[in-house]
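Questions regarding the structure given below will be posed in turn.
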Amino acid sequence: MSGKIEAYLLSKIKLDGAIHFSLLDPEEVSPHEASEISREAEKAGTTAIMVGGSTVTDSKIVDVTVKAIKSSTKLPVILFPNDVAGLSRYADAVWFMSLLNSSDPYFITGAQAAASKLIKQYTLEPLPLGYIITGSGEAAGLVGKAKPIPHEKPGLAVNYALAAQYLGMRFVYLEAGSGAKEKVPSEMINLVKNAIEIPLIVGGGIKTGGDAGQAVAAGADAVVTGTIVEETESVENKISELVQSIRKAAAKRK
Ligand code: 1GP
């Protein structure tokens with residue numbers, strides 16, 4: 001059963017061709033910074049704010065961050081949890097994600113079972129997502145005990161992405177890891193996009209409009225950036241650069 005955040009995301013993808021998500025790590029930005037960044041990100045045309053980090057252990061920090069974001073923007077807040085502690089009742093939705101290429105069942109179905117009642121109680125909209133870690137994987141790969149898919153083996157990513165679709169998941173996320181030096185390669189994005197019918201999200205190491213445009217030209221329906229938004233002087237200018245480049249690349253694809 002799909003809800004209103006999913007409908008909103010799908011309609012924005014239809015309208016703009018491809019979309020941008022701003023990811024904020026509650027352990028890296030203060031609630032005040034999160035609220036300022038989100039305000040500027042909304043002006044610049046980001047579609048939603050994602051909140052999460054690989055090492056969150058206290059949900060209170062997620063609560064205060066989400067509340068701060070909610071006070072400054074009307075954009076939906078979608079949780080991107082590393083574990084049950086990544087949940088907050090103040091968000092709109094949660095990527096209900098399974099790390100498909102983890103070597104530990106906890107990250108495939110265990111954490112999901114542990115979190116499910118809380119998600120219901122908090123009335124968070126679950127967005128079923130197949131999460132696939134590639135390349136260096138960075139902290140997400142280590143924490144999630146992933147066996148990251150080598151960038152030179154794009155066909156393996158297709159196998160997982162198709163499996164995600166056949167399991168009924170409604171989004172696929174190809175993740176190179178936050179701060180990755182090597183982004184998900186275009187060939188991998190392209191092969192996965194051509195194989196699946198559900199929206200494809202790409203993230204990890206994307207820093208410029210050029211990087212984001214390249215991912216969309218290869219087939220990404222959504223691009224996530226985290227680190228660059230935290231590092232940049234002018235969030236509005238940087239996100240605007242990313243969003244414009246994403247829309248341009250999507251328009252060329254049509
Ligand atoms: C991490 O894909 C996201 O989960 C974003 O990565 O921090 O490198 O933008 P960056």
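For the stretch 144-186, which residues satisfy the criterion of being aromatic (F, W, Y) and within 16 Å of the ligand (Cβ to nearest atom)?
Residues satisfying the conditions are F171, Y173.
Can you tell me how many residues in the stretch 141-183 are under 14 Å from the mean Cα position of the chain (by Cα) and open to solvent by less than 20 Å² (accessible area, probe 1.4 Å)?
The qualifying residues number 7.
I would also like to ask the following. Within the stretch 54-88, can you find the residues that are within 16 Å of the ligand (Cβ to nearest atom) and farther than 17 Å from S35 by Cβ?
Within the stretch 54-88, S54, T55, V56, F80, P81, N82, D83, G86 qualify.
Okay, next question. Residues being under 19 Å from N237 (Cα atoms) and within 13 Å of the ligand (Cβ to nearest atom): count how many of those fall in the stretch 10-28.
Looking only at that region, the number is 5.
Any chance the stretch 198-207 includes a residue that's open to solvent by less than 50 Å² (accessible area, probe 1.4 Å) and either part of a helix (DSSP H, G or I) or farther than 23 Å from A164 by Cβ (or both)?
Scanning the stretch 198-207, I find no residue that is open to solvent by less than 50 Å² (accessible area, probe 1.4 Å) and either part of a helix (DSSP H, G or I) or farther than 23 Å from A164 by Cβ (or both), so the answer is no.
Quickly run through the stretch 200-231 and pick out the residues that are within 12 Å of the chain's Cα centre (by Cα) and more than 14 Å from the ligand (Cβ to nearest atom).
Scanning the stretch 200-231 gives a single hit, D221.
Here's another thing I want to ask about it. Does at least one position in the stretch 9-31 carry a residue that is surrounded by 23 or more Cβ atoms within 10 Å (Cβ to Cβ), assigned to a helix (DSSP H, G or I) and either more than 15 Å from the chain's Cα centre (by Cα) or at pLDDT below 95 (or both)?
No: the stretch 9-31 contains no residue that is surrounded by 23 or more Cβ atoms within 10 Å (Cβ to Cβ), assigned to a helix (DSSP H, G or I) and either more than 15 Å from the chain's Cα centre (by Cα) or at pLDDT below 95 (or both).
Does S136 qualify as being within 16 Å of the ligand (Cβ to nearest atom), at negative phi, open to solvent by 50 Å² or more (accessible area, probe 1.4 Å) and not basic (K, R)?
yes
Hey, any hits in the stretch 135-158 for a residue that's closer than 30 Å to S35 by Cα, in contact with a Phe, Trp or Tyr (Cβ under 7 Å, 6 or more places away or on another chain) and at pLDDT 95 or above?
yes
On to the next question. In the list I37, I78, I61, which residue meets the criterion of being modelled with pLDDT of 95 or more and over 18 Å from V224 (Cα atoms)?
I61
Among the candidates D92, D63, D58, single out the residue that is open to solvent by 10 Å² or more (accessible area, probe 1.4 Å) and touching a residue at least 40 places away in the same chain (Cβ under 8 Å).
D92
Quickly run through the stretch 127-164 and pick out the residues that are more than 17 Å from G205 (Cα to Cα) and touching a residue at least 40 places away in the same chain (Cβ under 8 Å).
L127, P128, L129, G130, V143, G144, K145, A146, K147, Y160, A163, A164, listed by residue number.
Follow-up. Considering the stretch 158-197 alone, what residues qualify as being assigned to a helix (DSSP H, G or I) and over 23 Å from A249 (Cβ atoms)?
N159, Y160, L162, A163, A164, Q165, Y166
The values are calculated or read from the model by the stated rules, or taken from the named source; none is laboratory data. The model shown is predicted, which means the values in this text are computed figures rather than measured ones. Positions of Cβ are backbone-derived with ideal geometry, glycine not excepted, and every protein chain shown enters the neighbour counts. The protein model used for the area step is the full one, side chains on, heavy atoms only, and it has no ligands, DNA or RNA in it. Shrake-Rupley method; radii C 1.70, N 1.55, O 1.52, S 1.80 Å.
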